[in-house]
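See structure below.
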Amino acid sequence: MKSVCKVAVELFTSGRTHSSASARRLGGEMCKELKTKVLRLLSPTSNGPCVHQQGQTDNAEILSCTVKSLKEGHVVGVPTDTIYGLACLAQNSEAVRKTYDIKGRNGHKPLAICVGEIQDIYKYCKVKVKDGLLGDLLPGPVTLVFERSQVLNTDLNPFTSLVGVRIPDDAFMRRLCQMCAEPLALTSANISSHTSTVAVQEFQELWPKLAVVVDGGPIGDHSRLGSTVVDLSVLGKYRIIRPGCALSSTVDVLEHKYGLSEDSGGEDEPLNSPPSTSRAETHNRR
């Protein structure tokens, strides 16, 4: 990790921010003393290869550094295909607690999980839709809600039998999940109830609490809407929990290709607690 630390864009220590030039001067000898590493991903060209710019780190090194931090039980800041997120290992109860603390998030608001491959969903969720539906919506800016399996950490969203699962259309995030070989708990990188973030500088106040912040540059069209969240836990039905940024295309797939009908509500278990809180309200922010 020494080489990664040398090329960090910004490093925090004792509450102070250092410029990338200062970070490079400090070198690896300071690495162990620094709380946060902010690492900038390489920028791909239109033809695919990555182009080095000053202050950027090899993406493989960033992946390795981020995986190490996650495995050590830390929380990290990462880019997705919609907004920036906070991630930790979903199977690590202490890391999940840290994530709630960092955001100041209500303990009865659920965290989604993020996996690297569609087949991973079947391990952690009880899927009641056709296999092709998952492939048509994922990877992409959609969170699919299913009944959780017994394999998933019982301390993650213990108040509900459901869980939202994502596969972002983002090469870094997919590879990160693959390298961790277990699901990440994922939520938006912001103080709870504050605006979603589309650049790392926008959640800079959280950096001192994170082990790694991965700077993937500005995200998307800056809509800040987050993923479309859809409940597929009821056979043959769907329910939109949060419209998000891909509502129209998601509903088109669900209704016109797979013949699902919209669930208007009723006595189904809410995804959140207390009972007076609706599903749409609970997932208003990822």
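Coordinate-derived values only; no laboratory data. All values reported here derive from a predicted model rather than from experimental measurement. No Cβ is skipped: glycine too gets one built from the backbone with ideal geometry, and neighbour counts run over all protein chains shown.
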Work out from phi, with θ = phi - 60° and the Karplus expression 6.51 cos²θ - 1.76 cosθ + 1.60, the ³J(HN,Hα) of each residue of the range 99-116, listed in order in whole Hz, and give x for Gly and Pro.
4, 4, 5, 4, 7, x, 8, 4, x, 9, 9, x, 9, 7, 10, 10, 10, x
When the Karplus curve 6.51 cos²θ - 1.76 cosθ + 1.60 is applied with θ = phi - 60°, which whole-Hz ³J(HN,Hα) does each residue of the range 186-199 get, with x for Gly and Pro?
10, 8, 5, 8, 6, 5, 3, 6, 7, 5, 4, 10, 10, 8
Counted neighbours (other Cβ, 10 Å), sorted fewest up, put Lys103, Lys128 in the order Lys128, Lys103
What full-extension length gain, to one decimal in nm, is calculated for Lys126 and Glu262 as 0.36 nm per residue of separation minus the Cα-Cα distance?
47.0 nm
For the range 117-134 versus the range 207-247, the gap between their alpha-carbon centres in whole angstrom
18 Å
Ranked list, fewest to most other Cβ atoms within 10 Å of each Cβ, for Leu63, Leu162
Leu63, Leu162
Could you put His74, His108, His256 in order, starting from the residue whose Cβ has the fewest other Cβ atoms within 10 Å?
His256, His108, His74
